[in-house]
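Here the structure is laid out as structure tokens; the discussion comes afterwards.
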Amino acid sequence: DAKTTQPPSMDCAEGRAANLPCNHSTISGNEYVYWYRQIHSQGPQYIIHGLKNNETNEMASLIITEDRKSSTLILPHATLRDTAVYYCIVRGAGGTSYGKLTFGQGTILTVHP
Amino acid sequence: EPEVTQTPSHQVTQMGQEVILHCVPISNHLYFYWYRQILGQKVEFLVSFYNNEISEKSEIFDDQFSVERPDGSNFTLKIRSTKLEDSAMYFCASSERWDSTDTQYFGPGTRLTVL
């Protein structure tokens, strides 16, 4: 699986958009970008995933650059409950590694009142 | 909304004892996983399971660990002889398919404390 790089921490004011970057410069053409988050020590929560097109769901938007070497997760109106560790994961596309998710250290997002 | 459940939420055991952690995956899911997270560290993959067989396992998943789907709803992780370093949060996950487009849904975790 391609390695990802994320800033260790970010701050955001409540009500503003939170933009969380992720670099994945070695991503392969058929690998997907997944985002999960973990609040306190709860189980990781799925947010969104994408291949090359931008994606949006009820939680967030995912912007993937044209060369696919980086992406940005956007929480459009952050709330205090969005304070969490956010993980950007590139999902393997070959052999037996489809299933495994490889978590990094992620970005600690702190939303301030 | 369907969710993965895990029991117990917290398990305390003595070193050398056997523990079994329980998971009920989402009902129509066919692929099951265990991950663990030692306090302050990354979430680590342990094992994936499909059709009553292990599909993939990590180096952490040694002979002390085993998984089982004893009936149509439960998925268990057994640690035969616990060590202090097994203390961690253990997360179960399930997915409908086995490909890079499918989503794994995680349970709330079991905190295992080995004394």
Next on the checklist: In chain A, once you exclude exposed GluC sites (Glu not before Pro) (DSSP loop, at most 12 other Cβ within 10 angstrom), what's the longest stretch remaining?
Outcome noted: A:1-57
Next on the checklist: Among B:91, A:36, A:78, which residue has its Cα furthest toward the positive end of the charge dipole of the protein assembly as shown, with +1 on Lys/Arg Cβ and -1 on Asp/Glu Cβ?
Outcome noted: A:78
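Take peptide A:36-42, look around each residue's Cβ out to 10 angstrom, count Cβ atoms belonging to other protein chains, and average those counts.
Going residue by residue through A:36-42 and averaging, the value is 3.
Given the Cα-Cα distance of residue A:56 and residue A:28 and 0.36 nm per residue of separation, how much length would full extension add, in nm?
7.9 nm
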Item to check | Protein heavy-atom accessible area occluded, A/B pair - total, 1.4 Å probe, Å² | outcome: 1900
Item to check | Quotient of Cα Rg and 2.2 N^0.38 Å for the range A:1-80, N being how many residues it contains | outcome: 1.10
Item to check | Unit charges on C-beta of K, R, D, E only; dipole of chain A, Debye | outcome: 220
Item to check | Accessible surface of the range B:1-104 [probe 1.4 Å, protein heavy atoms]: carbon and sulfur percent | outcome: 45
Checklist entry - residue B:96 to residue B:38: extension gain in nm, 0.36 nm per residue of separation minus the Cα-Cα distance? => result 18.2 nm
Next on the checklist: Highest mean first, how do A:67-74, B:14-21 rank when packing is the count of other Cβ atoms within 10 Å averaged over residues?
Outcome noted: A:67-74, B:14-21
Checklist outcome for this item: Treating only Lys and Arg (+1) and Asp and Glu (-1) as charged, each at its beta carbon, one finds that the protein assembly as shown has a dipole about its Cα centre, in Debye to the nearest 20, of 340
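The values are calculated or read from the model by the stated rules, or taken from the named source; none is laboratory data. It should be emphasised that the depicted structure is a prediction, and the values quoted were computed from it without experimental measurement. Ideal geometry is used to build each Cβ from the backbone, glycine not excepted, and the neighbour counts take in all protein chains shown. Quick note on the areas: whole protein, heavy atoms, side chains included, nothing else; ligands and nucleic acids left out. Shrake-Rupley method; radii C 1.70, N 1.55, O 1.52, S 1.80 Å.
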